[in-house]
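In what follows, a single structure is set out as structure tokens and then discussed.
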Amino acid sequence: MSINSTINKELIRIEKILSKSGLYKEFSYTDKAYSETTYNPITGDHDSTSASTDYTFNAVTLDQKGGSLEESSYSILMDIIVMAANVTFDMRPGLEFTLGTQVWNVSTYKLNPGNSAYEITLGRR
């Protein structure tokens, strides 16, 4: 048995434990893709099309920090851990994740050395 298959089996087992224990919270992310805008000289309109893809993923929320966050432009920060296998989009700062009705922005992120989990700091104004 290879190390990768062992890791994958363990990650599945860990996810089941996190789900059963209620530690997972469901986040959503909508990726909006805009096509090029074209100008119609007859009507004077700018025509563009857009498409969006909705993603949902589970994450473990760690802690929230508020108050005096001088080094950050956010008033509240929250750290989360996400299994990398659950992220099917390109991670980058500035993405907007929704937890319940609250919108959080990705402030920073890092992929752990084993490429199995993201450590993400989210911010809210």
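Every number in this text was worked out from the coordinates using simple rules, so none of it is lab data. Please read all numbers here as calculations on a predicted model, not as lab measurements. Counting neighbours? That spans all protein chains shown, and the Cβs are built from the backbone with ideal geometry, glycine included.
Across the chain, the relative contact order, built from alpha-carbon pairs under 8 Å that are at least six residues apart, equals 21 percent. Ordered by the count of other Cβ atoms within 10 Å of each Cβ, fewest first, Met91, Met83 give Met91, Met83.
Can you give me the angle between helix 3-21 and the longest principal axis of the chain, using Cα atoms only, in degrees from 0 to 90, rounded to the nearest 10? Between the helix axis and the principal axis of the chain, the angle is about 90 degrees. When N counts the residues of the chain, how does its alpha-carbon radius of gyration compare numerically with 2.2 N^0.38 Å, as a ratio? Taking N as the residue count of the chain, the ratio is 1.36.
From helices alone, the chain scores -5000 deg cm²/dmol at 222 nm; the rule is -39500 (n - 2.57) for each run of n ≥ 4 DSSP H residues, then divide by the residue total.
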